[in-house]
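K.L.:
This is the structure, below, for whatever I ask next.
Only the coordinates and a few stated rules stand behind these numbers; no lab work does. These figures come from a predicted structure and were not determined experimentally. Methodologically, a virtual Cβ is constructed for each residue, glycine included, from the backbone with ideal geometry; neighbour enumeration extends over all protein chains shown.
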Amino acid sequence: MPERTIFRGIRLVDPASCHDGLTDVLVEDEGVSAVGDAVVAPAGTEVVDAGGLVMAPGLVDLHAHLREPGFEHKETVETGSRAAAAGGYTAICAMPNTEPVTDNLAVIAEVRNLADKAGLCDVHPAGAITRNLEGSSLTDIGEMAQAGVRLFTDDHRCVQSSRVMRLALEYAKAFDVVIAQHAQDDGLTEGWQMHEGYYSALLGLTGAPAEAEEVIVARDVALARLTGGRLHITHVSAAGTVDLMQQARERGLRVSSDVTPHHLTLCDQDLVHYDTNLRVNPPLRSEEHRDALRKGLVGGTLDAIATDHAPHALEDKEQEFDQAPPGTTGLETALAVILTELVEPGLLDLLRAIELLSSRPARILRLEEQGGPILPGRAANLTVFDPDAEWTVGERPFASMAVNSAFGGRRLKGRVLHTMLRGRFTVRDGEPVW
């Protein structure tokens, strides 16, 4: 007998079909079989009374660190997939700064096999732009692209060479894949610990100016214009970058970008207590920059919200601020942070927020089964959440191995109750199914 579940009276928020309203949704086996009022369910169908709940396409993350292979003491593909499912994600793009680096088909296959074994979330490994992330010689982008890799990045290392970046974008055009850049001029950020500004001077910490990001983005936008390649700027943090991305759009260039929940909601003054969980890369910047990111998101200049989920072992973060590695977890908190800090105050409507967390990143990665629309015949990759449920970050154990959350102890609104991957519950009634 096929497995069937019907969600009765749920608020379906589906940007891909521009739908926001109450309806019934019937899921059979791996797909959605009916959407509408008073759907007749076959005998034996499990009924979920979904009054007050929201259903959306499964969330899609463009930027997550799963650490495996090589750094399994921080996170594994399985535990990262658990964190993703707990946060409502059904697809994530895994960064290549592993050991060995994900710069060849063997490591790509290993990550995919580990994800398939876990079976909790679709994991799409990103390929490195340069061999061993060293910034000098290109990887075999064509070979990995033909094997289905959709995005290439040196992740936390910026490609400093204009020549290498030009070649990468030319290859991207040939294979119609995305080159994602962590924009940071090394010459302007040596020894950095936080954003350069009033608070870096106050706290006595070495600062990284926002211009370190802007000069790389300006160069790469020019190279995108020269080559016609697809350029993506990840974890945008600077107001000047927002302006540059808007100019690139106006010129019709093939550019896109993402921004993290922590850069949208926190700023450099939050570092006054030297909390190492707030040390991230790029650094939290001033309120002026944070507000520009929000404006860029609301206005459509920035394309997506990505977590930059960066788990670390507890001992890594329990060091002096300047010694602790940058990074915060994010998969389990992203939706609630956006609901609490942007949707609840009215800065974003819910349909737009889901688009930024699901439909748009799926479109950037060209994931046909992800991001909606939620219609009959489509794969049932879904998340269901209670938008009014309040919870405190850290009050329950994390699904991730790591606890280094920038939002630890914060009261948030919005809790994931169900996550479905191709019609199978990976989270059910707020509890993991693994």
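K.L.:
Take the range 83-175, compute every pairwise Cα distance, and split them into 10 Å bins from 0; I just need the percent in each bin.
P.N.:
The calculated distribution, bin by bin, is 17, 47, 27, 8, 0.
K.L.:
In addition: Rounded if a/c is under 1.5, else prolate if a/b beats b/c, else oblate: with a ≥ b ≥ c from the C-alpha gyration tensor eigenvalues square-rooted, which is the range 384-434?
P.N.:
oblate
K.L.:
To check you understand DSSP bridge types, tell me what percent of the beta bridges within the range 57-365 (both residues inside) are antiparallel, rounded to 5.
P.N.:
5 percent
K.L.:
Got the relative contact order for the chain handy, in percent, Cα pairs under 8 Å and 6 or more residues apart?
P.N.:
So the answer I get is 20 percent.
K.L.:
Stretch Ala201-Gln247 to full length: gain in nm at 0.36 nm per residue minus the Cα-Cα span? Could you put the intermediate results ahead of the total?
P.N.:
Working: separation 46, 0.36 × 46 = 16.56 nm, distance 3.24 nm.
Extra length from Ala201 to Gln247 when fully extended: 13.3 nm.
K.L.:
Let me ask another. Under 11 Å from the Cβ of Asp154, count the other residues' Cβ atoms, weight Lys and Arg +1, Asp and Glu -1, and hand me the total.
P.N.:
Result for the neighbourhood of Asp154: -1.
K.L.:
What is the sum of charges, Lys and Arg at +1 and Asp and Glu at -1, for the other residues whose Cβ falls under 15 Å from the Cβ of Thr76?
P.N.:
-2
K.L.:
Would you mind counting up the charge near Ser256? Only other residues with Cβ under 10 Å from its Cβ, with Lys and Arg at +1 and Asp and Glu at -1.
P.N.:
+3
K.L.:
What FRET efficiency do you get for Asn113 and Glu288 if R0 is 35 Å and r is their Cβ-Cβ distance, rounded to the nearest 0.05? Intermediate values should be presented prior to the final figure.
P.N.:
On the way: r = 46 Å, r/R0 = 1.30.
Efficiency, rounded to the nearest 0.05: 0.15.
K.L.:
Run the helix sum for the chain: -39,500 (n - 2.57) per DSSP H stretch of 4+ residues, divided by residue count, reported at 222 nm to the nearest 500 deg cm²/dmol.
P.N.:
On the way: 14 runs with 121 residues, N = 434.
Only helices count here, giving -7500 deg cm²/dmol.
K.L.:
Using the beta-carbon distance between Glu3 and Arg396 and R0 = 41 Å, what value does 1/(1 + (r/R0)^6) give for FRET efficiency, to the nearest 0.05?
P.N.:
FRET efficiency, Glu3 to Arg396: 0.90.
K.L.:
Based on the mean of other beta carbon atoms within 10 Å per residue, what is the order of 150-159, 57-66, most packed first? All intermediate terms of the calculation are to be shown ahead of the outcome.
P.N.:
Working: 150-159: 23.9, 57-66: 30.0.
With the highest mean Cβ count within 10 Å placed first, the list reads 57-66, 150-159.
K.L.:
From largest to smallest, what semi-axes in whole angstrom does the range 57-365 give when each is the square root of 5 times an eigenvalue of its alpha carbon gyration tensor? Present the calculation step by step, with values, prior to reporting the outcome.
P.N.:
Values: eigenvalues 131, 104, 86 Å².
Each semi-axis is √(5λ); the values are 26, 23, 21 Å.
K.L.:
If packing is taken as the mean number of other Cβ atoms within 10 Å per residue, what is the order of 379-385, 238-244, 328-334, 133-139, highest first?
P.N.:
In decreasing order of mean packing, 379-385, 238-244, 328-334, 133-139 become 328-334, 379-385, 238-244, 133-139.
K.L.:
Now for a different question. Of the lysine pairs in the chain, how many meet both conditions: Cα atoms under 27 Å apart, and a spacing of 8 or more in sequence or different chains?
P.N.:
Summing the qualifying lysine pairs gives 4.
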